[in-house]
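The values are calculated or read from the model by the stated rules, or taken from the named source; none is laboratory data. These numbers were taken from a predicted model, which means no experiment stands behind them. Note: ideal-geometry Cβ built from the backbone for every residue, glycine included; neighbour counts use all protein chains shown.
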Amino acid sequence: MDFNSSFISIGCEQTTKSNFDDLSSKLDSLDKKVEDLLKEHHTTQKLLKRVLEEVKSTSHNATKKRNKNLPQKPLAEAHDFATFEDKIQSSETKFNDLVAELQMIIASNSNKFVKMAW
């Protein structure tokens, strides 16, 4: 008797139909879970793509829509800043618009934030 026939005969004796059915059902269940995970992954990727596109389009639109309240160029003189500050403080609408403008700017640090504001 060679090794292969010994292994096959031992394996056949230990494996029963119930064991095979149990393993088969577990494999089917695992396949279903993998399929569900792949569907979730695909859905997540689609949603992530939509979010990134929205962020990209919003940032482009935000750049075009900004500078309604902010001056086109940074304020060079203290007097210019005081005038700008008085204008913003005198109107709640202008103040809220400025806050909204500044909140639309997405930057990873303060230097980039200031550059994007102007």
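Kindly indicate whether Thr63 is over 22 Å from Lys112 (Cα atoms), modelled with pLDDT under 90 and not in a loop (DSSP other than H, G, I, E, B). No. Hey, can you tell me all the residues within segment 71-105 that are among the aromatic types (Phe, Trp, Tyr) and touching a residue at least 12 places away in the same chain (Cβ under 8 Å)? Matches in segment 71-105: Phe84 only.
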